[in-house]
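See structure below.
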Amino acid sequence: MQQLNFPTYPFRIKNSENKLSIFDDIRKKFIVLTPEEWVRQHCVQFLMIERKYPKSLINVEKELFINGRKKRYDIVVFNTDGSIHILIECKAPKINITQKTFDQIAQYNLTLNAKLLMVTNGLNHYYCQMDYDNERYQFLKDIPEYSK
C-alpha cells in the first residue's frame, strides 16, 4: 500500500482468497483493504496514538440519514457526554480534496453538529473548528490532543 502522511503503525494484515484485509481495532474485525480503508485505519491510529483519544470514544463507518437518504460517515470521535467532538471524512490517496469534499462533510455535520472537522486523503489533512454562533469555521494546524 501507498506510503501516507501519517506515522507508521503496526497493522495486522492478512491475505484471504487473494484479497488483503486489515484488522480494524474499532470494529474488532478484518476489513477489505481498499485505499480508502488504508487512510481510515491510519487516521484511527493517529487519533489513538498521537492524539491520545480513547478507543471507546471512536466510531467508524456508521449510517446516518440526511434528508431521508442513507449516508455513511467515516470516523467520529465522541465526547464523554455522547455529543460528537470530531467528524472525519477519509478519501483514497488518489482522490483530490476539493470543495465537493468539504461540502460533503458540511452536509453530514448539519445532522451531527461536531465541534471539529477533519478531511484527509492520507496525504493532505485539513482541520476546521466550527463556530456555530457566527456560522463560520476556522482552519486549524492540527487536531488537538484529547482532554477530559
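Just a yes or no: is a residue in the range 101-113 aromatic (Phe, Trp, Tyr), in a strand (DSSP E or B) and under 13 Å from the mean Cα position of the chain (by Cα)?
Looking only at the range 101-113, we keep the residues that are aromatic (Phe, Trp, Tyr), and these are 102, 108.
This time we only want the ones that are in a strand (DSSP E or B), so: none.
Looking through the range 101-113, none of the residues is aromatic (Phe, Trp, Tyr), in a strand (DSSP E or B) and under 13 Å from the mean Cα position of the chain (by Cα).
Kindly indicate whether residue 87 is within 22 Å of residue 123 (Cβ to Cβ) and either part of a strand (DSSP E or B) or of a type in the set (A, V, I, L, M) (or both).
Numbers: within 22 Å of residue 123 (Cβ to Cβ): yes; either part of a strand (DSSP E or B) or of a type in the set (A, V, I, L, M) (or both): yes.
For residue 87, the condition - within 22 Å of residue 123 (Cβ to Cβ) and either part of a strand (DSSP E or B) or of a type in the set (A, V, I, L, M) (or both) - is met.
Looking only at the range 10-65, filter to residues that are among the small types (Gly, Ala, Ser) and surrounded by fewer than 17 Cβ atoms within 10 Å (Cβ to Cβ); which one of those is farthest from residue 110 (Cα to Cα)? Don't jump to the end; show me each part of the working.
Taking the range 10-65 as the starting set, the residues that turn out to be among the small types (Gly, Ala, Ser) are 16, 21, 56.
Now narrow it down to the ones that are surrounded by fewer than 17 Cβ atoms within 10 Å (Cβ to Cβ): 16, 56.
Values: 16: 39, 56: 24 Å.
The extreme case among them is 16.
Out of the residues in the range 95-148 meeting the condition of being touching a residue at least 60 places away in the same chain (Cβ under 8 Å) and among the hydroxyl-bearing types (Ser, Thr, Tyr), tell me which one is farthest from residue 82 (Cα to Cα). Steps first, answer last, please.
Narrowing the range 95-148 to residues touching a residue at least 60 places away in the same chain (Cβ under 8 Å): 118, 120-125, 143-146, 148.
From what's left, among the hydroxyl-bearing types (Ser, Thr, Tyr): 120, 146.
Values: 120: 24, 146: 15 Å.
Residue satisfying both the conditions and the ranking: 120.
From 73, 126, 137, grab the single residue that is closer than 16 Å to residue 44 by Cα, assigned to a strand (DSSP E or B) and modelled with pLDDT under 90. Break it down stepwise before answering.
Working: 126 fails: modelled with pLDDT under 90; 137 fails: closer than 16 Å to residue 44 by Cα.
One residue alone meets the criteria, 73.
Given the options 94, 62, 100, 71, name the one that is closer than 16 Å to residue 122 by Cβ and of a type in the set (Lys, Arg).
On the way: 62 fails: closer than 16 Å to residue 122 by Cβ; 100 fails: closer than 16 Å to residue 122 by Cβ; 71 fails: closer than 16 Å to residue 122 by Cβ.
Going through 94, 62, 100, 71 in turn, the sole match is 94.
Residue 147 fails exactly one of the following numbered conditions: (1) part of a helix (DSSP H, G or I); (2) among the small types (Gly, Ala, Ser); (3) modelled with pLDDT under 90; (4) loosely packed, with under 13 Cβ neighbours inside 10 Å. What is the number of that condition?
Just one mismatch for residue 147, condition (1).
Tell me which of these residue 11 doesn't satisfy, since it passes every other one: (1) out of contact with any Gly (no Cβ under 8 Å at 6 or more places or on another chain); (2) in contact (Cβ under 8 Å) with a residue 60 or more places away in the chain; (3) in a loop (DSSP other than H, G, I, E, B); (4) of a type outside the set (D, E, K, R).
(2)
The values are calculated or read from the model by the stated rules, or taken from the named source; none is laboratory data. In this text the structure is predicted, and so the values were computed from the model without any measurement. Please note: Cβ atoms are built from the backbone with ideal geometry, for glycine as well, and neighbour counts cover all protein chains shown.
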